[in-house]
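Structure first, commentary second.
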Amino acid sequence: MADPISQFEIKNLVKIAEIGGSEIHFTNSALFMAITVVGIWALLVGGTSARALIPGRLQSIAELSYEFVANTIQSTAGKEGMRFFPLVFTLFMFILVANMIGLVPGTFTVTSHIVVTASLALLVFFTVIFYGLYKHGLGFFRLFVPHGIPIYILPLIVFIEVLSFLSRPISHSVRLFANMLAGHITLKVFAGFVTLLGGLGIAGVIGAALPLILVVALTALELLVAFLQAYVFAILTCIYLNDAIHPGH
Amino acid sequence: MDPVAAKYIGAGIACIGMGGAGVGVGAIFGNYLAAALRNPSAAQGQFGNLIFGFAVTEALGIFSLLIALLLLFAL
């Protein structure tokens, strides 16, 4: 039986270059990131090329995803948040499609690696800091000083606010990574039960039906989780960007 | 005690913290459902708040998972 962790192994496919003794390879992770981007490109460009008044299936999906993200931004970060629409839409679509492609058996899940999710979360974190400082100057630090707090507990509150601000990229990235990792390990463990019981003869094959049904049900659950985690990542990005746009509490 | 054994026991203990996050997430979704059944017309508008509360609560569980992962693989 295959180890449930081996699905996350990064394999080198094509060697590209060698810089300072460390080799640079085109890996299966990079391949699936490329597939994700090409898939999104095909959906959006292919969907909107006809510009039909009555949208077809592809155009409906493209329009629905656009309106969904636009509504999310406007309800959490206001009209000014639409300036960040390209960033949020890119993050949402990339994570959603990468999660969905990862659910196909035999594929590689890009978002199950902390290095990918941490890069995305740090991108959001630094965007918030740079845009907040650019837009409001030092007024951005009002974010850490809530109104109406008695002066004698203010130092403690500011300390907690700063700490929670600094821990954002950690929880932002680990949430997506841990959900994907745990979900795929669970699927592989239950799939392992199916092959294990199936090898025991007739009685085993009948017994294997139960974990097989469970794997199907878990795949449906993972489909929900794949969408929910992409949505959570996008809505948290909007809420963090809202802090940069309107720093006063 | 063997340091490797202590590391594994520590990782297991750290995961207990995720139970607290489970209680919190259950409270959030339970209260949302209870409120949504009382006033279904207002439920749709609070979906974003629901997800935000879920994410913030879950973050605390993630920190304990992070400690467990650090103990197992990084330290």
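Checked against the criterion of being in a helix (DSSP H, G or I), out of contact with any strand residue (DSSP E or B) (no Cβ under 7 Å at 6 or more places or on another chain) and surrounded by fewer than 19 Cβ atoms within 10 Å (Cβ to Cβ), segment A:13-31 has at least one qualifying residue.
Applying the set (1) surrounded by fewer than 21 Cβ atoms within 10 Å (Cβ to Cβ); (2) within 14 Å of another protein chain (Cβ to nearest Cβ); (3) not β-branched (Val, Ile, Thr) to A:Leu214 leaves exactly one unmet item: (2). How about segment B:47-75: which of its residues are over 16 Å from A:Leu228 (Cβ atoms), in a helix (DSSP H, G or I) and more than 9 Å from chain A (Cβ to nearest Cβ)? The answer is B:Ser64, B:Ile67, B:Ala68, B:Leu70, B:Leu71, B:Leu72, B:Phe73, B:Ala74.
Does A:Ala182 satisfy the condition of being under 30 Å from A:Val97 (Cβ atoms) and loosely packed, with under 15 Cβ neighbours inside 10 Å? For A:Ala182, the condition - under 30 Å from A:Val97 (Cβ atoms) and loosely packed, with under 15 Cβ neighbours inside 10 Å - is met. Could you tell me whether any residue of segment B:8-17 is within 11 Å of another protein chain (Cβ to nearest Cβ) and either in a helix (DSSP H, G or I) or at pLDDT below 85 (or both)? So far as segment B:8-17 goes, no, none of its residues is within 11 Å of another protein chain (Cβ to nearest Cβ) and either in a helix (DSSP H, G or I) or at pLDDT below 85 (or both).
Going by what's in this entry, would A:Phe89 be described as within 26 Å of B:Ile51 (Cβ to Cβ) and surrounded by 12 or more Cβ atoms within 10 Å (Cβ to Cβ)? In short, yes.
The condition of being of a type in the set (Val, Ile, Thr) and touching a Ser or Thr at 6+ places or on another chain (Cβ under 7 Å) does not hold for A:Ile19. On the stretch given as segment A:226-249, residues that are in contact (Cβ under 8 Å) with a residue 60 or more places away in the chain, within 14 Å of chain B (Cβ to nearest Cβ) and under 13 Å from the mean Cα position of the chain (by Cα) total 9. Just one of the listed residues (A:Ser171, A:Ser164) is surrounded by fewer than 17 Cβ atoms within 10 Å (Cβ to Cβ), within 14 Å of another protein chain (Cβ to nearest Cβ) and under 22 Å from the mean Cα position of the chain (by Cα), namely A:Ser164.
The values are calculated or read from the model by the stated rules, or taken from the named source; none is laboratory data. Being a predicted model, the structure only gives us computed values, none of them experimental. No Cβ is skipped: glycine too gets one built from the backbone with ideal geometry, and neighbour counts run over all protein chains shown.
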